[in-house]
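The values are calculated or read from the model by the stated rules, or taken from the named source; none is laboratory data. The shown structure was predicted, so the numbers you read here are calculated from the model rather than taken from an experiment. So basically every Cβ, Gly included, is an ideal-geometry build from the backbone, and we count neighbours across all protein chains shown. These accessible areas exclude ligands, DNA and RNA; they are computed on the full protein's heavy atoms, side chains included. Shrake-Rupley method; radii C 1.70, N 1.55, O 1.52, S 1.80 Å.
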Amino acid sequence: PFLWTQHARTYLDRAEVGDLDVQLWSAHHTGYARLDAGLRHARTVRLDRGSGALQVVDELRSGRPHGFRMAWHLGPEVELALHGSLARLTWARPVADGAGTDERETVTALMHLPPELVWTRHRGEEDPPLGWWAEGLGRRRPTTTLVGTGELCARALLRTLLVLDVQAPREGHDRRSDDV
């Protein structure tokens, strides 16, 4: 926040969260008013704990055309294979077996990106700086950022679906949906 001279106002439109199998929230902000007073960005997020699916719907509205970018920033340990608007993500996480071992398991996810956009991947780029994760002031590591570019005429409805590959639990390992 110390680099930002102006802050967007955010508004929570709906929230159905808590100990629910399906959680949902939606909000919008004024962050693009400096470009166009009529430009509005709203986002709705739906998490289905049972299936491990996270759906994000972004709605952009404006009275005039705009070029725009959508970015998804991945963690530094996430490996990515991008094929058009389909991204396969993999990473390792510790096995929660209670024995304190250093054993790790691979987690995979499919990310269905909005096909209306042209998607590119960026990792550790300098000009412009893109694809970095800062673990602290002055400390950074390369990470992957997915960038989709497109054109907004009046309204764009962009759907992203992230589906975790919930593998069958190993014998003696009870994996709950909230562990994913």
Legend entry - Tally of residues being open to solvent by less than 50 Å² (accessible area, probe 1.4 Å), in a strand (DSSP E or B) and aliphatic (A, V, I, L, M) across the stretch 62-88: 6
Legend entry - Positions within the stretch 88-139 being over 17 Å from H73 (Cα atoms), of a type outside the set (A, V, I, L, M) and in contact with an Asp or Glu (Cβ under 8 Å, 6 or more places away or on another chain), in sequence order: R93, P94, D97, E103
Legend entry - Condition broken by G18, with the remaining ones in (1) open to solvent by less than 50 Å² (accessible area, probe 1.4 Å); (2) within 27 Å of P115 (Cα to Cα); (3) not in a strand (DSSP E or B) satisfied: (2)
Legend entry - From E116, E103, residue being charged (D, E, K, R) and in contact (Cβ under 8 Å) with a residue 12 or more places away in the chain: E116
Legend entry - Of all residues making up the stretch 21-42, the number that are open to solvent by 70 Å² or more (accessible area, probe 1.4 Å) and at pLDDT 95 or above: 1
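Only one of G67, G52 is at pLDDT below 90 and under 30 Å from G124 (Cβ atoms). Can you tell me which? Working first, answer last.
Details: G67 fails: at pLDDT below 90.
Result: G52 is the single residue among G67, G52 that is at pLDDT below 90 and under 30 Å from G124 (Cβ atoms).
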Inset, instruction - Could you grab me the full set of residues in the stretch 135-180 that are at pLDDT below 90 and among the aliphatic types (A, V, I, L, M)? - result: L137, L164, V166, A168, V180
